[in-house]
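What follows is calculated from the coordinates using simple rules that are stated; it is not laboratory data. All values derive from a computational prediction rather than experimental measurement. For neighbour counting, all protein chains shown are included, and Cβ atoms are generated from backbone atoms with ideal geometry for every residue, glycine included.
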Amino acid sequence: MTDILSPHRESLLACPDCDLLLQVDAVPLDRECHCPRCDALVKEGGRYAIDLHLAAALSGLALFVPAVTAPVLRFTMVGQWGSNSLLGGVWHLWTQGEQVLSLLVLLCSVVAPFFHLLLSFGIALTLRLSRLPNNFPAWLKWHRHMQGWSMLEVYALGIIVAYVKMLDDGEVFVGIGTYCVAGVLLALILCNQYFREDIAWWRWEQRV
């Protein structure tokens, strides 16, 4: 059975639009809160399904290595065969003298998504086991940073654009890396959908 968390707590929240301070004591964390003055969304709703969050993070980690190493597209042009992968594209940019761009692609398409999934897995697992480590707040802070830098969807969009453009010049075949990238991207979306940072902080505050 999926573990659902929806506790209550006392707190003050400021409206992101008009800065009105709102008392939200005794309001369940799975309920949305809107500002009575400007109707802006002050607090998101939704319950924290830990098991679904944990499963999504684990699935993303399992698919991550083939997603960045397996061929994304295979193509033939003028009788010549070729293929590319995510890490192969990063290395190609580096050898072409685009070191800054290659490092940026590496950060946003490989490093940040990997640590986003890894931290999601660690956070969900420790919450599921109710054993929060002393550095749990640091995990939450780094998770937010990695979430902001993770832009694997930009690479996925690039795959679609490359596939469409190369169809006119030769034959293009979708490689296993494309399916793995899609799986990792779906896992990241599910992790963002099911993760509730406010509930994770509440669990940290309520630890014994």
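Quick notes on this one:
- Whole-Hz couplings from phi, Karplus 6.51/-1.76/1.60, listed for region 14-22; x for Gly and Pro: 9, 5, x, 9, 10, 6, 6, 7, 10
- Here the calculated FRET efficiency for TRP204 and LEU61, from their Cβ-Cβ distance with R0 = 30 Å, stands at 0.80, rounded to the nearest 0.05.
- Taking θ as phi - 60° and the Karplus parameters 6.51, -1.76 and 1.60, the scalar couplings of region 106-123 work out to 4, 5, 7, 9, 10, 5, 5, x, 5, 5, 4, 5, 5, 5, 4, 5, x, 5 Hz in sequence order, x denoting glycine and proline.
- Label positions at VAL164 and ARG128, each projected 7 Å from the Cα along the C-beta direction, are separated by 3.9 nm.
- Amide hydrogen proximity for VAL42: with H placed 1.01 Å from N in the peptide plane, the residues at 5 or more positions away or on another chain lying under 5 Å are CYS33, HIS34, CYS35.
- Of the trypsin sites (Lys or Arg not before Pro) in region 130-208, the ones in a loop by DSSP (not H, G, I, E or B) with at most 14 other beta carbons within 10 Å are ARG131, ARG207.
- Proximity of backbone amide H atoms, modeled 1.01 Å from N, is registered between PHE173 and ARG74, PHE75 at under 5 Å, excluding neighbours fewer than 5 places apart on the same chain.
- Extension gain, TRP94-HIS34: 0.36 nm per intervening residue step, less the Cα-Cα distance, totals 16.8 nm.
- Efficiency of FRET between GLU197 and VAL111 - r from beta-carbon atoms, R0 25 angstrom, step 0.05: 0.75
- Residues whose amide H comes within less than 5 Å of that of SER150, counting only those at least five positions distant or on another chain, are absent (H built at 1.01 Å from N in the peptide plane).
- Net lengthening on full extension, LEU101/GLN23 (0.36 nm per residue, minus Cα-Cα): 23.5 nm
- Phi to ³J(HN,Hα) by Karplus 6.51 cos²θ - 1.76 cosθ + 1.60 over region 139-147, Hz, x for Gly, Pro: 4, 5, 5, 5, 4, 5, 5, 5, 5
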